[in-house]
Amino acid sequence: MNVQTIKQLWLAGMLMMLAACATTGQQEPQVKRISPEELERLMPKPVPNISLEELVQLSKTTPPDELIAKIKASNSQYDLTPSQSVELSKQGVSPKVLDYIYQTREAALREGFADEINKREKAKREEQERLRREYQLRYQPYYDPWWGYSYGPGPYWRRPFYGPSFRYGYGW
C-alpha cells in the first residue's frame with residue numbers, strides 16, 4: 001500500500017468516527033401524564049337514581065333480571081368499593097346484579113378514557129396538518145397580481161418574470 005492510500009483510509013476512518021460521535025441517541029417517547037385534577041374531571045360521575053337501600057329492598061322482592069332492567073331504565077350508575085359490594089351481598093343483593101353494576105361502571109370508565117384519547121389524537125392530527133400546510137406555504141412561490149410570480153420578498157426588478165403583468169409603460 002502506498003502512502004496516498006494509507007492517508008485516504010486514515011481520513012475515511014476519522015470521518016466515520018466523527019460521524020459516529022455526531023449522531024444523536026435514540027430518544028425515548030414522551031408520555032403526557034394526566035394530573036389528578038384532570039383525572040377527576042374525566043371520570044364519569046356516578047348517578048344512583050335508585051339508592052343502595054332501595055336496591056337492597058328491591059332485591060328481596062324482585063328477581064335479579066328485573067332488578068337489572070330497573071337499573072337500566074333509571075340510568076343508575078354506582079361507584080361501589082369492594083367493601084360496599086361485600087356488604088350488599090351480605091344484605092341479599094344477587095351477585096348477578098353486583099356484576100352488572102361493576103361491568104357498567106367499567107364500561108363507562110373505558111368509554112370516557114377512549115373519548116379523551118380520541119379527542120387528544122384529533123387535536124394532535126390537526127396541529128400536525130396545520131404545521132404541514134404552514135411549512136408547505138413557506139416555500140411555495142406566491143403570485144403578486146401586479147408583478148407576476150415571485151420566489152420571495154425583494155424589489156420587483158429582482159423578481160423573475162413568468163407571465164403577463166399589469167405594469168405601467170412598455171410591460172418590461
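The values are calculated or read from the model by the stated rules, or taken from the named source; none is laboratory data. Just so you know, these numbers come straight off a predicted model, no measurement behind them. Methodologically, a virtual Cβ is constructed for each residue, glycine included, from the backbone with ideal geometry; neighbour enumeration extends over all protein chains shown. Keep in mind that these areas ignore ligands, DNA and RNA; they rest on the heavy atoms of the full protein, side chains included. Shrake-Rupley method; radii C 1.70, N 1.55, O 1.52, S 1.80 Å.
Ranked from highest to lowest mean number of other Cβ atoms within 10 Å per residue, what is the order of the peptides 105-116, 121-132?
The most tightly packed comes first, giving 105-116, 121-132.
The calculated FRET efficiency for Arg105 paired with Arg125, based on their beta-carbon distance and R0 = 35 Å, is about 0.70. How would region 56-137 be classified by its alpha-carbon gyration tensor: rounded, prolate or oblate, with rounded meaning a/c under 1.5 and the a/b versus b/c comparison settling the rest? In terms of gyration-tensor shape, prolate. Within the assembled protein chains, the solvent-accessible surface assigned to Lys7 is about 120 Å², based on a 1.4 Å probe. Can you return the lysines within cross-link range of Lys124? Criterion is Cα-Cα under 20 Å, with same-chain partners fewer than 8 residues away left out. Within the straight-line limit of under 20 Å, Lys124 reaches these lysines: Lys32.
Label separation (Lys32 vs Val86): 4.1 nm, computed from points 7 Å beyond Cα along the C-beta direction.
Between Arg133 and Ser51, the modelled labels are 5.5 nm apart [label points 7 Å from Cα along Cα→Cβ]. Using the Karplus relation 6.51 cos²θ - 1.76 cosθ + 1.60 with θ = phi - 60°, the per-residue 3J(HN,Hα) values for region 69-77 come to 5, 5, 5, 4, 5, 8, 6, 6, 10 Hz, with x marking Gly and Pro.
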